[in-house]
Amino acid sequence: MFNSDDDPQQCTKQVSRRQFNKTATTLGALAGFHFFPALGQKRVEKPTLAGIGAGGKGTADINGSAKAGFEIVALVDIVDVKKLSNLQGRMKRMGQTRTSFPDAKFYLDYREMLADLGDKVDAVTVSTPDHHHFHAASAAMQAGKHVYCQKPLTHGIWEARMLADIAKRTGVKTQMGNQAHANDHMRRCIELLRAGVIGKVKEIHAWTNRPIWPQGFAAPPKPEPIPEGIDWEQWVGPAPFVDYSSKIAPFAWRGWWNYGTGALGDMACHIMDLGYWAMQPDSGPRLSPQSVVAKQQGATDYSPPINSILTWDFGPSQYAAKDGFKFHWYDGYIDAHFDRDSWQLVKNGNEYNHPSEEVLEGMNFADYGSVIIGEHGKLFFHRSKNNWVLKTSSQVDGFEWPEVSLPRARDQDNYKEWIDAVDGKIDQGESNFSLAGPMTETILLGVIAQRQPNTPLEWDADKMEVKGRPDLKQFIQREYRDGWKV
């Protein structure tokens, strides 16, 4: 057992479930951070992959990895679709995944898969709900597997810090699933911003119209019988238990504090990516905020807010203005409310939180986007469009257009970038855990602020604590259920 006050090098991991506790020693890594070298570095043939989470986003991650060049040898999911009589909605995609890879061995528990297959697996994708990301990714990395993990990287701040640390120690190749990170136009904008095309940065604004799933409920739904073929105990995993309901899984878990991280956790790793990446210093520690505050509507003890506006203060840094910069986030429809009978958000109009007209200056904004404000102009960016817009002052006269400095992902494909790292063609993908971990920490600090609205929280990144608020430690590193404790 260990906690955030312990030395990570001395921590011991204990995992037990079904026959896995009998075979955990075969992984070595699960017996005290005794890491295997990255198995993929030893192989010369086509790298093998296990997909952890085979439906929903997992379908896209597994297919994308297969197209990039991985051989799919195992699938893991808490739903055994072959035991379901009627495949509807999201279950259809899981059935399609099983059909597409008929030779892949199927498991309900990723720990059993790792123990059973051993070095037959080089890499894994982790496409589970947020609350399983840490346990799945850490077990895989400690067993020497390369890891592609969906965003947000983890459910909690301590978990993100640990995954970045484990990735560094093991030397495995890692990637977070914020796909636009691989786009040339994002990387070009990073180069321009760092070269000073709009001067030193003062403000960053990013927004989304999410959530589009239920948030703001004050009590769980009524329990429902667990359908045959669903291992609900495994779905809940390390998180606090709740009775099964179709109103929780397979989609609406994002609106539960215990399992998801709301609209902020779901979308910020995409939309805040440009601004956060651009502000990374050339050397030294990764970027961390000094404080954060949230204003919002509709949060409860069970669920994130219906809408919110957050501001992080990052203070001075290499690419920031003299007094530092502030990062603003906006989400949710302004007049929405949660309807318990239909268990959904009901919109009263289509207006959602977004920057002011002073920030946007008449520029059309879509469902999401970002604006970087510097001392000499603005950059308007949409991750799905390559026609980003610069509005600059006369200071741009004589600006020296920078050379390409960031590596470009092959075919602008983050799965290909990851396999290129696994194959040794590049060192790491650009969204590896050394960047994805600190960015996730920043975003999840905002999630904690949503639990303390209108209260500025001062952050000590070195100690991993909110200054003067020991009561918030439970949200930085939470307790896990028996059988999942670390």
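Identify, please: which residue in the range 216-259 is in a loop (DSSP other than H, G, I, E, B) and basic (Lys, Arg) and is, among those, nearest to Ile448 (Cα to Cα)?
Restricting to residues being in a loop (DSSP other than H, G, I, E, B) and basic (Lys, Arg), the top hit is Lys247.
In the range 176-207, what residues are more than 16 Å from Thr392 (Cβ to Cβ) and not in a helix (DSSP H, G or I)?
Across the range 176-207, the qualifying residues are Met176, Gly177, Asn178, Asn183, Ile204, His205, Ala206, Trp207.
Which residues, counting only those in the range 301-360, are touching a His at 6+ places or on another chain (Cβ under 6 Å) and either under 24 Å from Asp273 (Cβ atoms) or touching a residue at least 12 places away in the same chain (Cβ under 8 Å) (or both)?
Thr311, His328, Tyr330, Pro355, Val359
Somewhere in the range 269-288, is a residue closer than 30 Å to Arg188 by Cβ and touching a Gly at 6+ places or on another chain (Cβ under 6 Å)?
Scanning the range 269-288 turns up no residue that is closer than 30 Å to Arg188 by Cβ and touching a Gly at 6+ places or on another chain (Cβ under 6 Å).
When you scan the range 376-398, how many residues do you find that are on the phi > 0 side of the Ramachandran plot and in contact (Cβ under 8 Å) with a residue 40 or more places away in the chain?
1
Restricting to the range 455-486, what's the tally of residues that are of a type in the set (S, T, N, Q) and in contact with a Phe, Trp or Tyr (Cβ under 8 Å, 6 or more places away or on another chain)?
1
May I ask you to list pairs of residues, at least six apart or on different chains, whose Cβ atoms are under 9 Å apart, with the first in the range 399-418 being without any contact (Cβ under 8 Å) to a residue 24 or more places away in the chain and surrounded by 14 or more Cβ atoms within 10 Å (Cβ to Cβ) and the second being among the small types (Gly, Ala, Ser) and not in a loop (DSSP other than H, G, I, E, B)?
Arg410/Ala68; Arg410/Ala182
Would it be correct to say that Ile190 is surrounded by fewer than 24 Cβ atoms within 10 Å (Cβ to Cβ), modelled with pLDDT under 95 and not small (Gly, Ala, Ser)?
no
Yes or no, residue by residue, for (1) assigned to a helix (DSSP H, G or I); (2) out of contact with any Asp or Glu (no Cβ under 9 Å at 6 or more places or on another chain); (3) closer than 30 Å to Lys151 by Cα:
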residue: Ile373; (1), (2), (3): no, no, yes
residue: Leu379; (1), (2), (3): no, yes, yes
residue: Lys385; (1), (2), (3): no, yes, yes
residue: Leu390; (1), (2), (3): no, yes, yes
residue: Glu403; (1), (2), (3): no, no, no
residue: Arg408; (1), (2), (3): no, no, yes
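Going by what's in this entry, would Lys385 be described as surrounded by fewer than 16 Cβ atoms within 10 Å (Cβ to Cβ), farther than 25 Å from Ala294 by Cβ and modelled with pLDDT of 95 or more?
In short, no.
Among the residues of the range 414-429, which ones are touching a strand residue (DSSP E or B) at 6+ places or on another chain (Cβ under 9 Å) and either among the hydrophobic types (A, V, I, L, M, F, W, C) or assigned by TED's automatic domain parsing to the domain that holds Ala164 (or both)?
Trp418, Ile419, Ala421, Val422, Gln428, Gly429
The values are calculated or read from the model by the stated rules, or taken from the named source; none is laboratory data. Since the model is a prediction, treat every value here as computed from it, not as a measurement. We place every Cβ from the backbone using ideal geometry, glycine too, and count neighbours over all the protein chains shown.
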